[in-house]
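Peer 1: Next up is a structure, given as structure tokens.
Laboratory data are not the source of any read-out in this text; all were calculated from the coordinates shown. All values reported here derive from a predicted model rather than from experimental measurement. Every residue, glycine as well, gets a Cβ built from its backbone with ideal geometry; the counts of neighbours run over all protein chains shown.
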Amino acid sequence: MVTVRLAIFLFWATMILAGAISASYYAWSPYSDEERSASGGRSGGAFVRGPTHK
Amino acid sequence: MTAVRAITCPQCGGALEVRAAGFSVNLACLHCGSLLDVSRPEVALIEAHDTAAARFRLKPGMRGALFDVEWEVVGALRRSEGSYRWAEFLLFNPYAGYRWLILSEGEWQFGTMLLDLPQGDDDTVTWRGKRYARHEEPGTVRITAVLGEFYWRIRKGDEVASAVFERGGIVLSREGGGGEVNWTELVEIDVDTVEQAFGLSAPKPRRRAAAQPFAPFAATERRENDIPMMFAIALGALFVLLLAMVLIAGPVDSASGSVNAPYAVTREGMKIGTISVRRPHQFVKVKASAEQLTNTWVDLDYSLVDRATGQSIDGYGIVEQYSGTDSDGSWTEGSRSDTTVFGQVPRGTYDLYVDAAAHGWPSDPTAAELGWYSLPTTITVAVRAETGAIPWGNWWTAAFLLFLFPSLALWRQMRKEREW
Amino acid sequence: MLPYVTCAYCHTLILRNGLSLEEVGKVAVLPPDVSPIQLGTSFRIGDALLTVIGRVRWGWADGSWNEWLLSGGDGSEHWLGEAMGAFMLTRARPDLLEHPAIAPFAAGNGDIPVGTRIEVEDVTLTAVDCKDAQCLGSEGDLPFATLPGRVMASIDFRGPDSEAVSIQRDERGPSAWLGHYSELAALAPGNLRKMEGWTIPAGLER
């Protein structure tokens, strides 16, 4: 017996699977790095890095 | 003659009443949950607890008339079989003995212990001339919480073998194995009947009540628990997704080389190699790693230049390593390697160029330092580019979303159970 | 006339010896219970009217139970066991002690493990309960002394149709009892004990 909740979950899982597979096909990912992150501040035209250690 | 025996909990000092004096053996304190032996004139502590007593839909001391007999709730149990959970209430009337009320997922059953025992095997039994067929596989039932008094030795964690037989809305439940076997006849009893009898305020309306006015043996049927199924589906979907992602990622082409990054200045346009994207779109992963790196970071700017069009796709990376000593001792920070992923790289042949600059921390070394000390004048960074990369971030996101649903369902179910 | 009687006021156990009375000792005060039975409660079983004349309370490791002595007026001894809100009405069947599965236990050696099956009058009964019990107190007229410390071994057998066999062994020797498990209503009771806070269900008393 398939409960309503299970049916909704199956739909949800199908959507995620379809989304992830098409993302793979178009080689799309929200995690691909395009821009240099702002975590290292720009100072005088160059990124200044260094330990965050306190 | 008063029918109640007043006692004091030796653990928490709370006032308690033994409602079935002379029959009750164990009592789980309504105040602190401690398990007491009330079978003798002197009350003895069996197992001390100091947690608040479990909450149940019916509380010991409540009275209600069912089937024209007034019953007093004397004990309450929470039990589980696998992931399935329900509550059982022991009812007592000195003139009628004991009965059970079972609450499972909002459905109630009324149980009577049988004096005439069904005969048969594990598949079918005969009782009062009628055959009952086994419903579901036999299992092991565990007690997860107790409250109130019981006529037998009881303890949280007790386990008993259980099997359920049914015929036309009547359920025979068999518990125990070996010598001591108890049979209970269970009949469906209307929610409203129980709630009116015990003066319960009606809980939130249940949507199921309308859709399913009569569920023959809802309780013992162990109503379809879909949560394990959902977890299994989520796991299976993740595995399928992994296979699909590996297949789609497509042919792998790689190139590697290295750059020597000077301090303070940027060395530009060093070519690492050539890679080909052979599918309409692929991920390209560029991994940089430096073996020798101390209190230094290296900025890496990548350009993937399409040979056919001259168009460039840019990205960046950084390798860094710092160390020092403070009041907590020595520390190190940073990563000697870094992976950059380029998404949606169209089909084509690409040259990878790198601009690299090394910087010292807290400041760039002076020319003199570079000359006099053993500091290398440049930092060597190995760079490897690869097409057909797998976007692990996508996979983990899918994993989170897939497990979110059954996890929420499980959390809701557990919260609902606590309300019983 | 039964030999022993417990004084309801001073809990002294008295032995009737002809016309003389002999003080045997003090019995334990009966712990409070919510039994619906009391001395004087009667039951109609078929044509017979059985009246409760005495009670012994037994305790074992996991609880306690009542045994009510019933008199039918014809000298026959019936016992009504009361435990877990259910009842077991039995009468003596000394011949059962010669049953091969029971004889060794009756002779004082050997146990009967739970699960042992016996055939009695074409009915198969299974041992469901084996326990050592200790006398916790008594009231009314009784055929034996019920001083604290009296012990017995008791084995209950159950049949498919509520049949009951009980074998007991104590210092007086073994005894065997045959009867049925039943609910109170099936015993057509009269003169039940009234309990504060409870009403006797309509139609329960005959």
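Peer 1: For the range B:16-73, what does the alpha-carbon gyration tensor say about shape, rounded, prolate or oblate, given a ≥ b ≥ c as the root eigenvalues, a/c under 1.5 as rounded, and a/b over b/c as prolate?
Peer 2: It comes out oblate by the Cα gyration axes.
Peer 1: In a GNM of chain B with a 10 Å cut-off on Cα contacts, which of B:VAL194, B:VAL18, B:VAL345 has the highest mean-square fluctuation?
Peer 2: B:VAL345
Peer 1: Kindly provide the Kirkwood hydrodynamic radius of the range C:86-206 in Å, to one decimal, from all pairs of distinct alpha carbon atoms.
Peer 2: Value: 16.2 Å, from the Cα pair sum.
Peer 1: Please compute, over every Cα-Cα pair in the protein assembly as shown, the percentage with a separation greater than 37 angstrom.
Peer 2: That tail contains 58 percent of the Cα-Cα pairs.
Peer 1: Mind checking which of C:SER42, C:SER76, C:SER182 has the largest fluctuation in a GNM of chain C, springs on alpha carbons under 10 Å?
Peer 2: The residue with the greatest mean-square fluctuation here is C:SER76.
Peer 1: Rounded to two decimal places and with Rh computed the Kirkwood way over Cα pairs, what is Rg over Rh for the range C:32-116?
Peer 2: In the range C:32-116, Rg relative to Rh is 1.02.
Peer 1: Please compute one quarter of the surface area of the Cα convex hull for chain B and express it in square nanometres.
Peer 2: For chain B, the mean projected area of the Cα convex hull comes to 34.3 nm².
Peer 1: Follow-up. How big is the C-alpha Rg of the range B:251-387 next to the rule-of-thumb value 2.2 N^0.38 Å, as a ratio?
Peer 2: For the range B:251-387, the normalised Cα radius of gyration comes out at 1.18.
Peer 1: What shape does chain C take by its C-alpha gyration tensor, where a ≥ b ≥ c are the square roots of the eigenvalues and a/c under 1.5 counts as rounded, a/b above b/c as prolate, and the rest as oblate?
Peer 2: Oblate shape, in that a/c is at least 1.5 and b/c is the bigger or equal ratio.
Peer 1: Fewest first, what order do B:CYS32, B:CYS9 take by the number of other Cβ atoms within 10 Å?
Peer 2: B:CYS32, B:CYS9
Peer 1: What number, rounded to the nearest 500 deg cm²/dmol, is the helix-based mean residue ellipticity at 222 nm of the protein assembly as shown, given -39500 (n - 2.57) per DSSP H run of at least four residues and division by all its residues?
Peer 2: Mean residue ellipticity at 222 nm (helix-derived): -4500 deg cm²/dmol.
Peer 1: Residues of B:236-246, mean number of Cβ from any other protein chain within 10 Å of their own Cβ, rounded to a whole number?
Peer 2: Shielding by partners across B:236-246 averages 3.
Peer 1: Suppose each label sits 7 Å from its Cα in the direction of the beta carbon; what would the C:ASP47-B:LEU247 distance come out to in nanometres?
Peer 2: Label at C:ASP47, label at B:LEU247, 8.8 nm between them.
Peer 1: Name the most mobile residue of B:TRP152, B:TRP100, B:TRP331, meaning the one with the largest mean-square fluctuation, in a Gaussian network model of chain B with Cα contacts below 10 Å.
Peer 2: Comparing B:TRP152, B:TRP100, B:TRP331 in a Gaussian network model of chain B, the most mobile one is B:TRP331.
Peer 1: Assuming 0.36 nm per residue, please report the length gained on full extension of the stretch B:TRP411 to B:GLU137 beyond their Cα-Cα distance.
Peer 2: Stretched out fully, the B:TRP411 to B:GLU137 stretch lengthens by 96.0 nm.
Peer 1: Here's something else I'd like to know. Relative to a virtual label point 7 Å from the Cα of B:ARG307 in the Cα→beta-carbon direction, which members of the range B:259-278 show backbone nitrogen distances below 14 Å?
Peer 2: Answer for the range B:259-278: B:272-278.
Peer 1: Over chain B, what is the relative contact order in whole percent, taking alpha-carbon pairs under 8 Å and six or more residues apart?
Peer 2: Over chain B, the number comes to 13 percent.
Peer 1: Please compute the length gained on full extension between B:ARG155 and B:THR366, using 0.36 nm multiplied by the number of residues separating them and subtracting their Cα-Cα distance.
Peer 2: 68.4 nm
Peer 1: Can you give the Kirkwood hydrodynamic radius for the range B:5-225, in Å, rounded to one decimal and based on Cα pairs?
Peer 2: 18.3
Peer 1: Shape of the range B:1-109 from its Cα gyration tensor (a ≥ b ≥ c, root eigenvalues): rounded if a/c is under 1.5, otherwise prolate when a/b > b/c, or oblate?
Peer 2: Judged from the Cα gyration tensor, the range B:1-109 comes out oblate (a/c at least 1.5, b/c at or above a/b).
Peer 1: If you don't mind, another one. What is the calculated FRET efficiency for C:GLU23 to C:GLU77, with r their C-beta to C-beta distance and R₀ = 25 Å, to the nearest 0.05?
Peer 2: Efficiency, from the Cβ-Cβ distance: 0.55.
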